[in-house]
Every structure is written in structure tokens, then in C-alpha cells.
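What follows is a single structure, written as C-alpha cells, with notes after it.
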Amino acid sequence: MDEAEFQRKKKEMEPWYWWGIQTYFKCKFDEDPKNCDIALVGVPHSSGNGSTERDQHLAPRAVRNVSGWYRRGHQKYGIVPWEVARINDIGDVPLPHAMVNDICVQDIEAFYKRIDAAGARPVSIGGDHSVTGPILKALAGKNAKTTKGRKCALLHFDAHRDDYEHIPHWLGAERSAAHWAAYTVAEEHVDPSRSVQIGMRGNPIRPRADLNFSKLGYRLIPADEFYEIGIERTIEIIRERVGDMPLYITFDLDALDPADAPAVSNLEPLHQGLRAHEIVKIFHGLRGLDIIGGDIVCMIPTKDNPNNITAMNAMAIMFEMVALIADKIDQGRK
């Protein structure tokens with residue numbers, strides 16, 4: 001077999017998920033963020049939420065594995081994201097102190113500062129939710145290139161608010177999965193007056209006087225309110241709130257109902273969560289916003305069902321984030 005024939009056969013095999021070395025959506029692997037517009041990243045981290053199982057660090061590998069079969073054209077937007085933007089898998093954040101959360105968050109922030117400096121927009125699979133804090137610190141605020149020194153708006157899907165200020169650490173982690181939504185406000189990376197938290201539900205450690213009140217200034221849409229006002233009004237609230245601000249999206253998979261995501265670190269059983277088909281409609285309603293990046297967190301692959309439904313829904317959410325950013329890039333060139 002000559003070289004030309006060998007390359008032809010390789011090309012013919014590219015669409016098949018079971019062939020080749022797995023990257024996110026079988027895209028090109030290139031560790032240099034300067035070579036892409038959208039950087040796909042794994043954050044194999046588990047030490048920011050000591051109250052649950054620790055296998056969140058396996059999520060990047062699991063999502064890479066299932067993403068190979070996913071078709072890469074976006075029907076609603078009429079694009080193949082990889083044809084309108086440079087999208088590479090740039091690998092995993094190196095975390096040599098993997099068991100020490102507050103060193104890990106420094107390594108994560110440094111990794112994403114490389115992405116910020118390169119002008120790429122990251123879409124990531126975590127880890128537990130402590131990974132979002134350092135990502136936001138790298139991409140938004142005073143010294144960030146991505147937002148041109150501005151704060152960002154935050155769209156936060158979650159069954160929990162992660163805005164603890166009343167305790168100094170979470171089982172030893174000071175920059176934990178429970179603190180990041182507070183310290184990124186205090187340190188002026190997130191503008192809560194332009195941000196929305198959606199999907200909160202279940203019983204708290206202590207009952208709250210007002211589930212819709214955030215002393216930090218976030219607009220809260222608990223799951224119960226979401227089901228009262230509906231998808232279209234939810235989209236209106238998000239768009240009105242965000243406006244022309246640079247927007248970062250973080251998606252804790254426990255926002256989904258356990259029927260759609262059984263393999264997450266803080267399941268909320270019995271109380272109705274958002275369903276996967278509703279999430280797709282919300283994401284489509286964000287089209288045209290200035291999305292600077294996103295992450296999907298808190299998946300525990302070792303708890304998934306045999307069909308890997310949690311991994312598949314995580315992968316599909318990742319694809320929707322990628323498509324939103326690629327579509328905005330494409331529209332900006334026309």
C-alpha cells in the first residue's frame with residue numbers, strides 16, 4: 001500500500017467512532033491554544049467536593065469516548081462548527097497535586113490564562129464544580145484579554161447555588177465546589193447583576209426564607225419557578241439580564257433530572273429537575289449572545305448506566321456550547 005492509498009483509507013475511516021484515537025468529537029488534537037478559535041479541554045479534577053464520590057476526574061475521558069459517534073452538523077444553525085471555526089482538543093489540564101484542591105485551582109487558572117492570552121474560547125468537561133472559579137478568574141475581569149478587562153455575565157445551571165460565604169472551607173477546600181459562585185463576585189470577575197442561576201431544587205441544609213433571593217445579586221430561577229414561567233419566559237429573562245455582556249455558561253449536570261443524568265455527584269431525587277429536551281431549547285434561545293466559554297461538571301462515569309446516558313447528555317451539551325460560539329464567529333465574518 002503506497003502513502004496515498006494509506007491516507008485515503010484513513011480518511012474513509014474518520015467518521016467511525018470505534019476507529020482511531022479518541023478526542024472530543026474526533027477533532028484535531030493540538031495542545032497550542034493559539035491554533036484554535038474554540039479550545040476543547042478536559043479538567044480531570046475531584047478534590048473540590050469532598051462530600052461526594054471522587055470519580056468526577058474520569059469525566060473528560062468518558063465524554064471523549066462517547067463523543068466520537070456524534071454527528072457534527074448543527075441542523076438548527078445550518079453549520080458544521082468545525083467548518084466555520086478552528087476547533088481543537090487541546091488536552092487535559094495537568095494537575096500534579098490532584099488531591100490538593102487549592103493547589104489545583106491555581107494550576108487550572110494558569111492553564112486557562114494561556115487560553116485567554118491566545119484569544120481562544122474554551123469549552124470544558126470537568127471535574128467537580130470548583131473548576132469553574134479559576135476558569136472565570138482567567139477569562140474575565142481586570143486583566144483578561146477575552147473580556148477586554150470587563151467582568152462577565154454568568155449563566156449557571158445547577159440544583160445548588162454554590163455561593164457559600166458563611167463557612168471558610170468545604171472539608172478543607174477553601175476554593176471549593178461550594179464557594180466559587182461567591183468569590184468570583186467578590187474578586188470582580190462575575191457581574192451578578194447581569195447573571196442568572198437556574199434549576200435549583202431539593203431540600204437545603206437549613207430552609208431559606210426566600211428561595212428567589214440572592215444577597216450577591218444573582219437572578220435566581222429555581223426549578224419550581226422554571227416550570228411555572230416556562231421555557232420562553234426563561235429565555236427572555238436570560239437575554240434581558242445578560243444583554244451585550246460577555247457570557248460564560250457553567251452547567252452542573254445535577255440540574256438535569258436524574259432520569260437524564262443519573263451519574264452525577266449531588267443527585268436531587270424526587271424533586272423535578274430540568275429535562276434534556278428543555279435544555280436544548282434554552283440553549284437555542286441563547287443564539288447570538290457573546291459567549292466566551294463554558295463548562296460541564298460533576299459527572300461520575302462510574303455511576304452511569306450501561307447506555308452511558310449521562311456521558312451522552314454531557315457530550316450533547318458540550319456540542320451545543322461549541323455550536324453557539326462557532327455560530328457567533330460565523331455570523332461575525334458575514
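Assorted remarks:
- Based on Cα contacts under 8 Å between residues 6+ apart, the stretch 116-168 shows a relative contact order of 28 percent.
- Filter on LYS28/LYS303; LYS76/LYS281; LYS28/LYS145; LYS28/LYS148; LYS281/LYS303 - keep pairs with C-alpha separation over 18 Å: LYS28/LYS303; LYS28/LYS145; LYS28/LYS148; LYS281/LYS303
- Amide N proximity, the stretch 28-45 versus ALA110 label position 7 Å along Cα-to-Cβ, cut-off under 20 Å: 31-34, 41-45
- Here the spin labels are modelled as points 7 Å beyond Cα on the Cα-Cβ line, and at GLU188 and HIS169 they lie 2.8 nm apart.
- Length released on extending from ARG150 to ILE229, taking residue separation times 0.36 nm less the Cα-Cα span: 25.3 nm
- For the stretch 102-219, accessible area per residue (1.4 Å probe, heavy atoms of protein chains only), Å²: 42 Å²
- The Cα center of the stretch 46-113 and the Cα center of the stretch 147-164 differ in position by 18 Å.
- Protection proxy ranking of 303-316, 100-113, 267-280, 247-260, by the mean of other Cβ atoms within 10 Å over each peptide's residues and highest first, is 247-260, 100-113, 303-316, 267-280.
- For the stretch 284-334 and the stretch 220-239, distance of Cα centres in Å: 20 Å
- Here LYS151 is the anchor, and the lysines within straight C-alpha reach of less than 21 Å, apart from those fewer than 8 places off in the same chain, are LYS113, LYS137, LYS142, LYS215, LYS328.
- Relative to the current alpha-carbon distance between ASP244 and LYS281, full extension at 0.36 nm per residue lengthens the span by 11.3 nm.
- 222 nm mean residue ellipticity, helices alone, for the chain (DSSP H n ≥ 4; -39,500 (n - 2.57); rounded to 500): -10500 deg cm²/dmol
- Unit charges on C-beta of K, R, D, E only; dipole of the chain, Debye: 780 debye
- For the pair TRP18 and ASP55, the difference between a 0.36 nm per residue extended length and the Cα-Cα distance amounts to 10.9 nm.
- Treating each Cα of the stretch 73-198 as one equal point scatterer and applying the Debye formula with no solvent, the log10 of I(q)/I(0) at q = 0.09, 0.11 Å⁻¹ comes out as -0.28, -0.42.
- Taken along the Cα-to-beta-carbon direction at a fixed 7 Å, the label points for ASN307 and ASN65 span 1.8 nm.
- Taking the accessible area of the stretch 199-334, probe 1.4 Å, and keeping the other protein chains in place, the carbon and sulfur fraction comes to 50%.
The values are calculated or read from the model by the stated rules, or taken from the named source; none is laboratory data. Fair warning: this is a prediction, and the values are worked out from it, not measured in the lab. Please note: Cβ atoms are built from the backbone with ideal geometry, for glycine as well, and neighbour counts cover all protein chains shown. The area values use the complete protein model at the heavy-atom level, side chains included, leaving out ligands, DNA and RNA. Shrake-Rupley method; radii C 1.70, N 1.55, O 1.52, S 1.80 Å.
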